[in-house]
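Presented below is the structure to which this report refers.
The values are calculated or read from the model by the stated rules, or taken from the named source; none is laboratory data. For clarity, every value in this text was computed on a predicted model and none was experimentally measured. Here the Cβ positions follow ideal geometry from the backbone for every residue, glycine too, while neighbour counts run over all protein chains shown. Calculation scope for accessible area: heavy atoms of the full protein, side chains included, ligands and nucleic acids excluded. Shrake-Rupley method; radii C 1.70, N 1.55, O 1.52, S 1.80 Å.
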Amino acid sequence: MSPSEILKAAGADKPVTGGTFLQRTGLILAAFVGGTGAIVILALVGKWICYAPKLPVIQPGVDPNAAKVILENYRTLQQIALEPFTTLFDSTVVKVLLPVFTSILGYIFGSRADNRTGT
């Protein structure tokens, strides 16, 4: 049995129709916005990896209180180094790119649903 016979038996013998011009344009815009978001996220993660404080080296036999202070200082430094990146991520990706991306996708899928119910 050939693939075309299987499709006909399943009722899928109609040709696939492409989306409208606006839907295709919306998909292209969504791809660009999603790609931009991915590039921004990767750049922020890469920059944070470069600027993150290095793990402290605790010598064997160090007083447990001194080791605790060293680790607390490391946590504080890590939070201080992470704060600018989280605010930049929040202001660019979460507040700008994500709403644009979801609105474009909402239009694309919403317009496809309208086309199905209209015919």
Practice prompt. Would you kindly derive the ³J(HN,Hα) couplings of segment 69-75 from the backbone phi angles with the Karplus curve 6.51 cos²θ - 1.76 cosθ + 1.60 (θ = phi - 60°), listing them in order in whole Hz, with x for Gly and Pro?
Written response: 5, 4, 5, 5, 4, 5, 4
Worksheet, complete the sentence: In the chain, taking the dipole from +1 charges on Lys and Arg beta carbons and -1 charges on Asp and Glu beta carbons about the Cα centre, the listed residue (L7, V94, A38) farthest towards the positive end is L7
Worksheet, complete the sentence: CD proxy, 222 nm, the chain: helix-only mean residue ellipticity via -39,500 (n - 2.57) per DSSP H run with n ≥ 4, per residue, nearest 500, stands at -25000 deg cm²/dmol
Worksheet item: What accessible area per residue, rounded to a whole number of Å², is obtained for the chain using a probe radius of 1.4 Å?
Response: 77 Å²
Discussion item. Between helix 98-118 and the chain, what is the angle of the helix's C-alpha long axis to the longest principal axis, kept within 0 to 90° and rounded to the nearest 10?
Written reply: 20 degrees
Worksheet item: How big is the gap, in Å, between the Cα center of segment 13-61 and the Cα center of segment 67-86?
Response: 26 Å
Item to complete: Please work out, to two decimal places, the log10 of the ratio I(q)/I(0) at q = 0.09, 0.16, 0.17 Å⁻¹ from a Debye calculation in which every Cα of the chain carries one identical scatterer.
Response: -0.54, -0.91, -0.95
Discussion item. Can you work out the Karplus-derived ³J(HN,Hα) for every residue in segment 18-25? Use 6.51 cos²θ - 1.76 cosθ + 1.60 with θ = phi - 60°, whole Hz, and x for glycine or proline.
Written reply: x, x, 6, 4, 5, 5, 5, 5
Fill in: Only Lys, Arg (+1) and Asp, Glu (-1) charged, at Cβ; the chain dipole about Cα centre in debye
220 debye
Fill in: Gaussian network model of the chain, Cα within-10 Å springs - most flexible of L71, L44, L82
L71
Item to complete: Measure off, as a whole percent, the carbon and sulfur share of the 1.4 Å-probe accessible area of the chain, all protein chains present.
Response: 69 percent
